[in-house]
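Some notes on the structure that comes next.
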């Protein structure tokens, strides 16, 4: 469903570039914010960027690592792209007042995660809500990860407890931020945004098919012609 015009609301895309530099292999998270009524999205971009820098790059007790440090090192860089839902469609990226570019570079980088990379499709879902009812719920699929994100001690490949703790703490902190923007759930049906009040992260991975890495080669076979 296309988003209607909703004044004082911004959509921010977190665009993470794969180290292979292939434009097809970027990873994108979408967040929504209610901006301060006295400022527009261009004015409020810095506040929203600071909130997302804290979400991905902050370390919250009792954790000793940030979410960014647990992501796969295949993420070479990240930037925030801002859209004003108060504008009619088609919407174009807003140029923040502090830059001449239609984005702000993320402050976090440099994962310290170890282990083999998991497939790009493997994601961890952070869910959140603004009250009751499906129209006031949202989710963001975090990743990619390395095998360090997995706890297989029970015989099943589940997210490591420390990773769950990090994501929950980061989400709680952003929902209680004192910046001049409010993390929100947007309901296209209601044409409104509502402040995030609660959230959760389950001990199960999700699959995001669109995040699969683009193939680089192909092994073919046909009738009478075995694979080469």
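The values are calculated or read from the model by the stated rules, or taken from the named source; none is laboratory data. Predicted model, so just to flag it, every value in this text is computed and none were measured. All Cβ positions, glycine included, derive from the backbone under ideal geometry; neighbour counts span all protein chains shown.
Condition check ((1) in a helix (DSSP H, G or I); (2) over 14 Å from residue 182 (Cα atoms); (3) within 14 Å of the chain's Cα centre (by Cα)) across all residues:
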site	(1), (2), (3)
13	no, yes, yes
31	no, no, yes
61	no, yes, no
68	yes, yes, yes
98	no, yes, no
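Name, by its number, the condition in (1) surrounded by fewer than 19 Cβ atoms within 10 Å (Cβ to Cβ); (2) modelled with pLDDT of 95 or more that does not hold for residue 65. In the conditions (1) surrounded by fewer than 19 Cβ atoms within 10 Å (Cβ to Cβ); (2) modelled with pLDDT of 95 or more, residue 65 misses (2) alone. Taking segment 159-219 as the region of interest, the strands (runs of 3 or more DSSP E) fully inside it that hold 2 or more residues being over 16 Å from the mean Cα position of the chain (by Cα) are 181-187, 192-195. Looking across segment 122-142, the residues that are in a strand (DSSP E or B) and free of Cβ contacts under 8 Å to residues at least 60 places away in the same chain come down to 137, 139.
Here the condition is being over 13 Å from the mean Cα position of the chain (by Cα), modelled with pLDDT under 95 and more than 14 Å from residue 183 (Cα to Cα); of 39, 17, it holds for 39 alone.
The set of residues in segment 143-158 that are in contact (Cβ under 8 Å) with a residue 40 or more places away in the chain and assigned to a helix (DSSP H, G or I) comprises 148, 149. Taking the conditions exactly as written (assigned to a loop (DSSP other than H, G, I, E, B), at pLDDT 95 or above and either farther than 16 Å from residue 14 by Cβ or touching a strand residue (DSSP E or B) at 6+ places or on another chain (Cβ under 6 Å) (or both)), does residue 102 satisfy them or not? For residue 102, the condition - assigned to a loop (DSSP other than H, G, I, E, B), at pLDDT 95 or above and either farther than 16 Å from residue 14 by Cβ or touching a strand residue (DSSP E or B) at 6+ places or on another chain (Cβ under 6 Å) (or both) - is not met. Go through the residues of segment 78-95 one by one and say whether even a single one is under 19 Å from residue 127 (Cα atoms) and in contact with a helix residue (DSSP H, G or I) (Cβ under 9 Å, 6 or more places away or on another chain). No, segment 78-95 has no match at all.
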